[in-house]
């Protein structure tokens with residue numbers, strides 16, 4: 001089972017390495033990791049996606065809370081209505097003058113946008129839940145995806 005863990009930390013040198021080391025040292029895999037400063041430059045928020053059963057999650061949460069620079073740890077569930085989760089992808093897709101219009105229609109349906117264009121490619125930016133990104137990728141795959149990058153998940157409580 002996938003878990004999205006939000007960790008508010010003091011913005012100190014080495015905090016990211018200690019958190020990542022906690023996971024690797026105990027044999028837990030990090031599926032994605034996103035880190036950035038918050039509105040307070042003294043704090044950063046890490047959004048970590050990992051998988052495992054409830055016992056694994058409980059162990060991770062306990063270990064994170066023991067780290068000195070950790071301020072708050074929150075577990076978000078994938079279908080939690082009390083938080084918003086998003087990802088971002090940039091997709092470079094092969095296009096010809098004949099397929100450009102069809103690709104742009106698909107992009108518009110997904111409320112994505114074309115951010116770069118060349119004679120042989122379109123670069124598409126899409127944000128949203130993981131399922132939306134996966135669906136757009138599948139729709140663009142027949143045209144030929146030349147390159148792609150996907151961010152880690154970010155999550156924030158509504159309260």
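Could you tell me whether any residue of the range 33-46 is more than 30 Å from residue 144 (Cβ to Cβ), in contact (Cβ under 8 Å) with a residue 40 or more places away in the chain, part of a helix (DSSP H, G or I) and in contact with a helix residue (DSSP H, G or I) (Cβ under 9 Å, 6 or more places away or on another chain)? No, the conditions are met nowhere in the range 33-46.
Whether any residue in the range 134-149 is assigned to a loop (DSSP other than H, G, I, E, B) and crowded, with 16+ Cβ neighbours inside 10 Å is what I want to check. No.
Considering each residue of the range 49-69, count those that are in contact (Cβ under 8 Å) with a residue 60 or more places away in the chain and either outside any loop (DSSP other than H, G, I, E, B) or under 21 Å from the mean Cα position of the chain (by Cα) (or both), and give that number.
Filtering the range 49-69 down to residues in contact (Cβ under 8 Å) with a residue 60 or more places away in the chain leaves 49, 69.
In the following step, the residues that additionally are either outside any loop (DSSP other than H, G, I, E, B) or under 21 Å from the mean Cα position of the chain (by Cα) (or both) were identified as 49.
Residues that pass the stated criteria total 1.
Residue-level analysis places residue 34 outside the set of residues that are in contact with a strand residue (DSSP E or B) (Cβ under 9 Å, 6 or more places away or on another chain), surrounded by 16 or more Cβ atoms within 10 Å (Cβ to Cβ) and within 11 Å of residue 69 (Cβ to Cβ).
Sort out which residues of the range 115-131 are farther than 16 Å from residue 149 by Cβ and either free of Cβ contacts under 8 Å to residues at least 24 places away in the same chain or touching a helix residue (DSSP H, G or I) at 6+ places or on another chain (Cβ under 6 Å) (or both), and write them in order of number. Spell out how you get there, then give the answer.
Narrowing the range 115-131 to residues farther than 16 Å from residue 149 by Cβ: 117-120, 129, 131.
Listed by number, the residues that qualify are 117, 118, 119, 131.
From the list 82, 87, the one residue that fits, being touching a strand residue (DSSP E or B) at 6+ places or on another chain (Cβ under 9 Å), within 20 Å of residue 131 (Cα to Cα), in contact (Cβ under 8 Å) with a residue 60 or more places away in the chain and loosely packed, with under 13 Cβ neighbours inside 10 Å, is 82.
Check off (1) out of contact with any helix residue (DSSP H, G or I) (no Cβ under 8 Å at 6 or more places or on another chain); (2) surrounded by fewer than 17 Cβ atoms within 10 Å (Cβ to Cβ) for residue 4 and give me the number that stays unchecked. The single condition residue 4 does not satisfy is (2).
None of the figures in this text is laboratory data; all of them are computed from the coordinates on show. Keep in mind that this is a model prediction, so the values were computed, not measured. We place every Cβ from the backbone using ideal geometry, glycine too, and count neighbours over all the protein chains shown.
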